[in-house]
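Student: Before anything else, here's the structure in question.
The values are calculated or read from the model by the stated rules, or taken from the named source; none is laboratory data. Not measured: the values here are computed from a predicted model. Here the Cβ is made from the backbone with ideal geometry for all residues, glycine too, and neighbour counts use every protein chain on show.
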Amino acid sequence: MIGDVLLLLAVGTFAGVLAGFLGIGGGTVMVPVMVALGLSGVEAVGTSTLAILIISLGGSLQNWRMGSLNLKNVLLLGLPSVGTAFLGTALASYIPEHGLLGIFGVFLLLNIYLIGIKKRVVAQAKSQEGGASTTPDDSATSIPSHPRNPVLVRMLIGGIAGFLAGLFGVGGGVVMVPLQILLLRENIKVAIQTSLGAIVVTALSACGWHSLQGNVVPLTGALLGLGGLVGVQGSTRYLPKLPDRVVTLMFRGLLAFFAVYFFYRAWVSWGVS
């Protein structure tokens with residue numbers, strides 16, 4: 001029993017570190033551990049929403065205290081994703097599991113490529129303006145060629161993220177961060193902080209739904225969330241100190257890892273079917 005508690009705290013801490021550094025919920029890390037400890041799949045998913053809510057809320061409060069969180073942008077991302085997640089979930093029932101997993105793996109690899117394209121475009125724009133560094137780095141907070149209607153684009157990103165999250169069964173952060181970088185030309189750190197705030201909205205909705213269905217194990221979720229609070233407090237404080245190039249490399253590495261993971265799951269699912 002003590003061993004299980006320590007394991008949950010450790011896994012939660014790791015998920016919190018990922019949340020603060022990369023703006024994701026951490027469900028992909030927590031769900032397999034809970035299944036290994038004896039929870040059913042639906043209980044693990046439901047319980048992870050409680051842990052994600054605690055972790056994302058703790059990290060977002062820390063970002064807000066540091067003046068690094070725009071609440072308006074958070075709501076513009078989070079609220080549309082709540083509705084479109086249900087549409088994605090409904091569509092997922094009509095597509096074979098191995099097809100969904102394989103498509104999402106390709107989507108993640110495409111994001112890695114597009115983020116690289118975006119960095120080169122930014123460097124070229126700086127070079128044309130003159131007097132700015134031509135290094136392909138995201139350190140500038142003001143990037144040229146913003147969309148004409150950023151509010152609409154932000155809502156569109158939230159809607160797309162929610163739909164894909166519902167369709168593929170993952171948190172919206174792994175979708176929201178790249179889309180903010182690509183479509184809004186945002187600094188990667190700002191995109192991560194805003195994504196983490198939006199996850200509070202989506203996790204609250206998902207946790208409420210799963211609680212009504214009896215899918216949440218409160219003690220397990222609380223232990224994961226408690227560990228996550230420790231991890232996310234440290235990573236949100238340290239994120240502004242990291243070079244943007246390092247953060248970008250970390251996020252692209254995470255996308256690559258998830259892509260391999262989903263291709264593996266697709267292969268296993270296809271073999272079973």
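Student: G172 versus (1) modelled with pLDDT under 80; (2) over 15 Å from the mean Cα position of the chain (by Cα); (3) of a type outside the set (K, R): which is the lone unmet condition?
Tutor: (2)
Student: Would you call T89 buried (at least 18 other Cβ atoms within 10 Å of the Cβ), out of contact with any strand residue (DSSP E or B) (no Cβ under 8 Å at 6 or more places or on another chain) and in a helix (DSSP H, G or I)?
Tutor: Details: buried (at least 18 other Cβ atoms within 10 Å of the Cβ): no; out of contact with any strand residue (DSSP E or B) (no Cβ under 8 Å at 6 or more places or on another chain): yes; in a helix (DSSP H, G or I): yes.
It is false that T89 is buried (at least 18 other Cβ atoms within 10 Å of the Cβ), out of contact with any strand residue (DSSP E or B) (no Cβ under 8 Å at 6 or more places or on another chain) and in a helix (DSSP H, G or I).
Student: Residues L39, L50: which one is at pLDDT 90 or above and either farther than 16 Å from V174 by Cα or outside any helix (DSSP H, G or I) (or both)?
Tutor: Numbers: L39 fails: at pLDDT 90 or above.
Going through L39, L50 in turn, just one is at pLDDT 90 or above and either farther than 16 Å from V174 by Cα or outside any helix (DSSP H, G or I) (or both): L50.
Student: Here is a further query. Would it be correct to say that V17 is of a type in the set (V, I, T), part of a helix (DSSP H, G or I), touching a helix residue (DSSP H, G or I) at 6+ places or on another chain (Cβ under 6 Å) and without any contact (Cβ under 8 Å) to a residue 40 or more places away in the chain? Walk me through how you get there before you give the answer.
Tutor: Details: of a type in the set (V, I, T): yes; part of a helix (DSSP H, G or I): yes; touching a helix residue (DSSP H, G or I) at 6+ places or on another chain (Cβ under 6 Å): yes; without any contact (Cβ under 8 Å) to a residue 40 or more places away in the chain: no.
So V17 fails the test.
Student: L57 passes all but one of (1) at pLDDT below 90; (2) surrounded by fewer than 22 Cβ atoms within 10 Å (Cβ to Cβ); (3) under 30 Å from L152 (Cβ atoms); which number fails?
Tutor: All conditions are met except number (1).
Student: Now for a separate question. State whether one or more residues within the stretch 27-48 are buried (at least 24 other Cβ atoms within 10 Å of the Cβ), of a type in the set (S, T, N, Q) and either in contact with an Asp or Glu (Cβ under 9 Å, 6 or more places away or on another chain) or touching a residue at least 12 places away in the same chain (Cβ under 8 Å) (or both).
Tutor: Taking every residue of the stretch 27-48 in turn, at least one turns out to be buried (at least 24 other Cβ atoms within 10 Å of the Cβ), of a type in the set (S, T, N, Q) and either in contact with an Asp or Glu (Cβ under 9 Å, 6 or more places away or on another chain) or touching a residue at least 12 places away in the same chain (Cβ under 8 Å) (or both).
Student: In the stretch 175-220, how many are touching a Lys or Arg at 6+ places or on another chain (Cβ under 8 Å) and not in a helix (DSSP H, G or I)?
Tutor: 1
Student: What pairs come out if I take residues in the stretch 139-158 that are over 10 Å from R185 (Cβ atoms) and buried (at least 17 other Cβ atoms within 10 Å of the Cβ) and pair them with residues that are acidic (D, E) and modelled with pLDDT of 50 or more whose C-beta lies under 9 Å away, six or more apart or interchain?
Tutor: Partner pairs satisfying both residue conditions: none exist.
Student: Mind checking which residues of the stretch 175-185 are surrounded by 24 or more Cβ atoms within 10 Å (Cβ to Cβ) and closer than 22 Å to R148 by Cβ? Give the steps one after another, and end with the answer.
Tutor: To start, the set of residues in the stretch 175-185 that are surrounded by 24 or more Cβ atoms within 10 Å (Cβ to Cβ) comprises 175-181.
Passing the criteria: M176, P178, L179, Q180, I181.
Student: If you don't mind, another one. I'm trying to understand the selection: among the residues of the stretch 65-90, which are at pLDDT 90 or above and under 18 Å from the mean Cα position of the chain (by Cα)?
Tutor: Matches in the stretch 65-90: L69, N70, L71, N73, V74, L75, L76, L77, G78, L79, P80.
Student: Which pairs turn up if I take residues in the stretch 237-260 that are touching a residue at least 40 places away in the same chain (Cβ under 8 Å) and on the phi < 0 side of the Ramachandran plot and look for partners that are surrounded by fewer than 18 Cβ atoms within 10 Å (Cβ to Cβ) and of a type in the set (A, V, I, L, M) with beta carbon separation below 7 Å, at least 6 apart in sequence or on another chain?
Tutor: R252/I112; L255/I112; A256/I112; A259/L109
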